Amino acid sequence: MAAIPLRIGDHSYDILIGPGVRTSLAEVVRHLGARRAVVVSARPAEWVPDTGVETLLLPARDGEQDKTLATVEALCGEFVRFGLTRSDVVVSCGGGTTTDVVGLAAALYHRGVAVVHLPTSLLAQVDASVGGKTAVNLPAGKNLLGAYWQPSAVLCDTDYLSTLPRREMLSGYGEIARCHFIGAPDLRGLPLADQIAASVSLKAQVVQADERDTGLRHILNYGHTLGHALEKATGYALRHGEAVAVGTVFAGRLAGALGRIDRARVAEHEEVVRHYGLPTALPAETGPATLIGLMRHDKKAMRGLAFVLDGPGGAELVADVPEEAVAHALEEMPRAPLTDLVDPTEPATSAAAAGSRAAGAARVGATAPRQRGRATPTPAQPQPTSATATDTARS
């Protein structure tokens, strides 16, 4: 097991990584002094370890279409009905969208209640659950409404990863791949647990230096400016890590076009992304004008388009990148049909399905809340699932 500390002012917590670390949840809750817990889980009930206190289990759904303020409001309503107080705790169990939504609900309820994350996807373990950013989407763009709210603990149980479909793993590898260009060593030859620990350690160092995203933390958004635009443009058919992978390749090409890096370094971007089996081309159905229009709404944009780009001194935020240069770099990117960029064995999210889920976004879950007592059963081993949930991150 790896334990990575994250220290921000007078607040500190540990990120535990390894098999079986989910069983530490009851100890964490006891340390917090909570008498009640609400567990919001996008995974089966047997994936949720015992909290040691009176617990309300709320089913949820991972997916961008439920990452809305309506979902946050519904969660907070359940907190009220359960009688959750400011001295109690909220627990997320799921992928990146679950940590985002539950984290924001915890930040807003009573102006802040403790939250513990149990990330069950690779993407959530390496990125989304760490660092305290919480957010939901607006029609205009992704992660436009949010808050900084640091968790009290993060338990990255690697046993969960054995249950994931291939595309869920690929989405997480998209975030690992971008670490190669923001200060991590070459992770490609390491065991997965070591890649997770290295990615988390890098992010923890960055967050400790710049919690509120005023400078250094921008580097964590490597590949994300175009990545977020691609997610939106494809109706989230491209998953977050897949879109970030394409965005990482594009960031290398744009940096090369601006004279910031040489051809070998540009090529290295594509080599690293390809190593993880991720897409490197733009969807043929989406043109530069559409993507540039979406990137204007990126939260990093201040004076024109802004990108985190590689350079002689490493990655940094580059503001006011000329749209002409961006358009030209987009035109030079390879293209492929969207259906070729996603795993054909797992169908992409269709617009119709997305709309159907959005219509039910205010509903916390598909089944009624369940209240659990203080019994302490042996946590069940997660079982393989064929579910295909869309995951996210916000860096």
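Could you tell me whether any residue of segment 283-296 is acidic (Asp, Glu), farther than 27 Å from Ala128 by Cα and in the same structural domain as His228 (by TED's automatic domain parsing)?
Checked segment 283-296: at least one residue is acidic (Asp, Glu), farther than 27 Å from Ala128 by Cα and in the same structural domain as His228 (by TED's automatic domain parsing).
When you go through (1) surrounded by fewer than 19 Cβ atoms within 10 Å (Cβ to Cβ); (2) aliphatic (A, V, I, L, M); (3) within 25 Å of Val102 (Cα to Cα) one by one for Leu161, which number turns out not to apply?
(1)
List every residue pair whose Cβ atoms lie under 9 Å apart, where the two residues are 6 or more positions apart in sequence or sit on different chains, the first residue falls within segment 318-342 and is assigned to a helix (DSSP H, G or I), and the second residue, located anywhere, is surrounded by fewer than 12 Cβ atoms within 10 Å (Cβ to Cβ).
Correct list of pairs: Ala327/Ala289.
For segment 348-366, state whether one or more residues are part of a loop (DSSP other than H, G, I, E, B), over 15 Å from Lys232 (Cα atoms) and modelled with pLDDT of 50 or more.
So far as segment 348-366 goes, no, none of its residues is part of a loop (DSSP other than H, G, I, E, B), over 15 Å from Lys232 (Cα atoms) and modelled with pLDDT of 50 or more.
Being of a type in the set (S, T, N, Q), in a helix (DSSP H, G or I), surrounded by fewer than 24 Cβ atoms within 10 Å (Cβ to Cβ) and touching a residue at least 60 places away in the same chain (Cβ under 8 Å) is the requirement here; does Ser201 meet it?
yes
Only one of (1) in a helix (DSSP H, G or I); (2) within 23 Å of Ala319 (Cβ to Cβ); (3) out of contact with any Gly (no Cβ under 7 Å at 6 or more places or on another chain) is not met by Ala264, so which one is it?
If we test Ala264 against (1) in a helix (DSSP H, G or I); (2) within 23 Å of Ala319 (Cβ to Cβ); (3) out of contact with any Gly (no Cβ under 7 Å at 6 or more places or on another chain), just (2) comes out false.
Out of (1) closer than 26 Å to Pro279 by Cα; (2) assigned to a strand (DSSP E or B), the odd one out for Asp100 is which?
Every condition holds for Asp100 apart from (2).
Could you grab me the full set of residues in segment 233-264 that are crowded, with 24+ Cβ neighbours inside 10 Å and charged (D, E, K, R)?
Of everything in segment 233-264, those that are crowded, with 24+ Cβ neighbours inside 10 Å and charged (D, E, K, R) turn out to be Arg239, Glu242.
For residues that are assigned to a loop (DSSP other than H, G, I, E, B) and without any contact (Cβ under 8 Å) to a residue 12 or more places away in the chain, tally how many sit in segment 10-50.
1
Any residue that is β-branched (Val, Ile, Thr) and at pLDDT 95 or above - is there at least one of those in segment 159-175?
no
So if I check each of Asp66, Asp62, Asp100, which one is over 30 Å from His180 (Cα atoms), surrounded by 24 or more Cβ atoms within 10 Å (Cβ to Cβ) and not assigned by TED's automatic domain parsing to the domain that holds Thr234?
None of the other options fit; the residue is Asp66.
Within segment 112-168, count every residue that is closer than 15 Å to Asp213 by Cα and of a type in the set (S, T, N, Q).
Within segment 112-168, residues that are closer than 15 Å to Asp213 by Cα and of a type in the set (S, T, N, Q) number 3.
The values are calculated or read from the model by the stated rules, or taken from the named source; none is laboratory data. Quick caveat, the model's predicted, so the values are computed rather than measured. Please note: Cβ atoms are built from the backbone with ideal geometry, for glycine as well, and neighbour counts cover all protein chains shown.
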